[in-house]
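Right, one structure below, let's go through it.
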Amino acid sequence: MKRIAILGGGISGLTAAYELEKRRRAGEALDWHLYEASNRLGGILETTRISTPEGEYVLEGGPDGWVSEKPWLRELAIELGLENDILYSKDETRKTWVLVNGQLQAIPDGMRMMVPTDLGALEGSPLFSESAKQAYAREVLISEELKRDAPDADESVASFCTRHFGEDVTRTLAAPLLSGVFGGDVAKLSVRSVMPQFVAMERDYGSLIVALQEKAALRGHRKTQPIFTSLKRGMGSLVDALIAKLPPERLHLQHRAYSLFRVDDRGGSEWTIDMTVGKKRRAEGPFAELIVATSLDAVRELLAPVEAVDMTGLSLGGFLSLTPSEASSAILAAFAWPAELASQFTIPKGFGFLVPPASNASPSEPLALDPGPSLLACTFVDQKFPFRAPSGARVMRAFFGGASADALSRSSDEQVAAAALQQLRAILGPMPDPAHTTVRRWPRSLPQYEVGHLDRMAQLDSFVRRIPGLHLLGNAYRGVGMPDLAREARRIAESLSV
Ligand SMILES: Cc1cc2nc3c(=O)[nH]c(=O)nc-3n(C[C@H](O)[C@H](O)[C@H](O)COP(=O)(O)OP(=O)(O)OC[C@H]3O[C@@H](n4cnc5c(N)ncnc54)[C@H](O)[C@@H]3O)c2cc1C
């Protein structure tokens, strides 16, 4: 019987448990247990459903969906019996706005992140300066040069974007788009980690605009898939469906691992885990395999002593220094207005808006939100997905990230909600107080993939392979999005098959 411990019950740990359980039920000699520090499963996935006489509100505290082009979470949802719950973003009204000079300006249609397919669509857009428009036009002309000079090594998103489209586009569009997803700084983020598709386009075509145009021509009139996928009852329903497939006696809540021991024995090795369970301490084990699927900070704490023992023996130095050193925090305030309140104000059509990071704002574009913590983004939830609010009602999610989220970390939920509402009113105009509010905090939840991240991950892999029975899962390594995490979790669980 192979004994396996999983630490952490977010989407990574739960998916690994699900895959192991499938194999156990099929007769494999696997004995797995999952230990979660908190009193709930799901980690960053958390949905609040509010039932009212008019219908249901679905307020997401973490992710609200996933990018459709990565199939792995959809496959998992279908396997879990959620096929009829799958829904898609309302792409027919898709539009994203950017705050420039205190005004919301629409990102022109047909853009894939900061790359346009139709240069004509940029003409009337106040989002771009004349020099930005000229830089876009020039990118097509220097296609051969870009292809020839494509760097062999990784670089920052800012450097990549500036080589193609100049500094204006990097500041006004790439910076808010990337910090909206990764909460990070474009001057540090690794382009090969966070935009591998654009790096491949540069290698194959030179110009990214030409690459997108050629791909669109090849696709012809075939319909593109909707950009985002989600679930009718929210991401929490994926967690519920996973839990429903797992024996409760194998799921241990309020078990916080605080130290690990590895004992080498007769050519094999075994892990023992010290845990706090409520106020008590207790050791669990031995386990032949250990899947650490906690947040990065917990991984560092747990593995530092293991590293000292193993790495001194192997003279390999600190492998944990290869993991991202910075992680961005997020605070989310979700607001719901029933139809009679929602009818008192209007918002622009589309999925939401982004606010360029203050450090990237040019002096000529003072931020409307200064001083104090500034919103990073806002999602117009009921315009992005169906089934999020009763008919005529409105749901919005406001995000604080990075330094702003850190600055608000000691504020009460009421203060966070008040700060978010004040900024929404400054940007969108007067609106009544919402009927329902949730505030969620995810400190240091988005590890930053800085330049050279992929090389460091390859090194980390080779170190970890030398420590018998150790497996690392989570958003610090090979993707922050849920589909990547689900794929990795299944891959590792499959590798433990007996
Ligand atoms: C605000 C926000 C919005 C996002 N939006 C999207 C989106 O729209 N689409 C998308 O695909 N991705 C999105 N992401 C990214 C995605 O949600 C995360 O990368 C993912 O949920 C991380 O899952 P995980 O299981 O690896 O880690 P977590 O969810 O962090 O789970 C780790 C678990 O480990 C537990 N733990 C910690 N320490 C210990 C310990 N010592 N012992 C035992 N257990 C421990 C924690 O309590 C937690 O439950 C978003 C992230 C954030 C923060």
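Every read-out reported here was derived from the displayed coordinates using simple, explicitly stated rules and does not represent laboratory data. Given the structure is predicted, the values throughout are model-derived calculations rather than measurements. All Cβ positions, glycine included, derive from the backbone under ideal geometry; neighbour counts span all protein chains shown.
In segment 215-281, which trypsin sites (Lys or Arg not before Pro) fall in coil by DSSP and have 11 or fewer other Cβ atoms within 10 Å?
Hits after loop and neighbour filter: ARG222, LYS223, ARG266, LYS279.
Go through 178-186, 384-392 and give me the packing order, highest mean Cβ count within 10 Å leading.
Peptide ranking by packing, descending: 178-186, 384-392.
Could you tell me the relative contact order of segment 365-498? Use alpha-carbon pairs under 8 Å, at least six residues apart, and round to a whole percent.
17
Hey, got the dipole for segment 251-295? About the Cα centre, +1 on K and R Cβ, -1 on D and E Cβ, debye to the nearest 20? Working shown, then result.
On the way: 7 positive and 6 negative charges, 73 e Å.
Here the size comes out at about 360 debye.
How far apart, in nm, are two points set 7 Å out from the Cα along the Cα-to-Cβ line at ALA244 and at MET1?
2.9
Along the Cα→Cβ direction, 7 angstrom out, place labels at GLU28 and PHE387. What is the inter-label distance in nm?
3.1
Return the aspartates and glutamates within reach of LYS133: Cα separation strictly under 13 angstrom, same-chain partners fewer than 8 residues apart disregarded; answer none if there are no such residues.
Output for LYS133: ASP118, GLU123, GLU167, ASP168.
Work out how much length SER269 to THR52 would gain on full extension: take 0.36 nm times their residue separation and subtract the Cα-Cα distance, in nm to one decimal.
72.6 nm
Normalised radius of gyration for segment 1-81, please: alpha carbon Rg relative to 2.2 N^0.38 Å, two decimal places.
1.36
With point charges of +1 on the Cβ of Lys and Arg and -1 on the Cβ of Asp and Glu, referenced to the Cα centre of the chain, which listed residue (GLY392, HIS255, VAL169) lies farthest in the positive direction of the dipole?
Of the options given, the answer is HIS255.
Counting Lys and Arg as +1 and Asp and Glu as -1, each charge on the Cβ, what is the dipole of segment 109-222 about the Cα centre in debye, to the nearest 20?
On the way: 13 positive and 17 negative charges, 67 e Å.
For segment 109-222, the charge dipole is close to 320 debye.
Would you be so kind as to identify which of ALA403, ALA16, PRO116 lies farthest towards the positive end of the dipole of the chain, taking Lys and Arg as +1 and Asp and Glu as -1 on Cβ and the Cα centre as origin?
Toward the positive end, the furthest listed residue is ALA16.
Can you list which of the trypsin sites (Lys or Arg not before Pro) found in segment 390-478 are DSSP loop residues with at most 15 other C-beta atoms within 10 Å? Don't skip to the end; give the middle numbers.
Numbers: sites: ARG394, ARG397, ARG410, ARG425, ARG440, ARG441, ARG444, ARG456, ARG465, ARG466, ARG478; in loops: ARG410, ARG466, ARG478.
Qualifying residues, ordered by number: ARG410, ARG466.
In what order do ILE291, ILE4 fall by count of nearby beta-carbon atoms within 10 Å, going from fewest to most?
The order, fewest Cβ neighbours first, is ILE4, ILE291.
Could you give the alpha-carbon Rg of segment 109-222 over 2.2 N^0.38 Å, rounded to two decimals?
The value comes to 1.01.
Among TYR449, TYR258, TYR35, which comes first, then next, by fewest other beta-carbon atoms within 10 Å? Spell out each step's value before the answer.
Details: TYR449 29, TYR258 13, TYR35 22.
Final ranking by Cβ density, sparse to dense: TYR258, TYR35, TYR449.
Name the trypsin sites (Lys or Arg not before Pro) in segment 1-107 that are in a loop by DSSP and that have at most 14 other C-beta atoms within 10 Å, would you?
ARG40
Starting from 0.36 nm per residue, how many nanometres of slack lie between ASP297 and ILE142 once their C-alpha separation is accounted for?
51.4 nm
What order do you get for GLU167, GLU139, GLU21 when you list them from fewest to most C-beta neighbours inside 10 Å?
GLU167, GLU21, GLU139
With respect to the cross-link table entries LYS232/LYS349; LYS147/LYS223; LYS70/LYS90; LYS2/LYS245; LYS70/LYS223, which display a Cα-Cα separation exceeding 24 Å?
Details: LYS232/LYS349 21 Å; LYS147/LYS223 29 Å; LYS70/LYS90 18 Å; LYS2/LYS245 20 Å; LYS70/LYS223 17 Å.
Flagged as over cut-off: LYS147/LYS223.
Lys/Arg Cβ at +1, Asp/Glu Cβ at -1, dipole of segment 1-137 taken about the Cα centre: which of PRO71, ALA5, GLY61 is farthest positive-ward?
After comparing all options, I get ALA5.
If you take the C-alpha gyration tensor of the chain, multiply each eigenvalue by 5 and take the square root, what semi-axes do you get, largest first, in whole Å?
Equivalent ellipsoid semi-axes, largest first: 39, 29, 22 Å.
Can you order the peptides 58-65, 237-244, 120-127 by their average number of other Cβ atoms within 10 Å per residue, highest first?
Order by mean packing, descending: 58-65, 237-244, 120-127.
Mind putting a number on the dipole of the chain about its Cα centre? Charges go on the C-beta only, +1 for Lys and Arg and -1 for Asp and Glu, and I need it in Debye to the nearest 20.
Result for the chain is approximately 980 debye, rounded to the nearest 20.
I want to verify the translational diffusion coefficient of segment 406-450 in µm²/s; compute it with Stokes-Einstein, Rh as the Kirkwood radius over Cα pairs, at 25 °C and 0.890 mPa s.
197
For every helix of n ≥ 4 consecutive DSSP H residues, a contribution of -39,500 (n - 2.57) applies; sum these over the chain, divide by its total residues, and give [θ] at 222 nm rounded to the nearest 500 deg cm²/dmol. Walk me through the intermediate numbers first.
Numbers: 17 runs with 173 residues, N = 498.
The helix contribution divided over the chain gives -10500 deg cm²/dmol.
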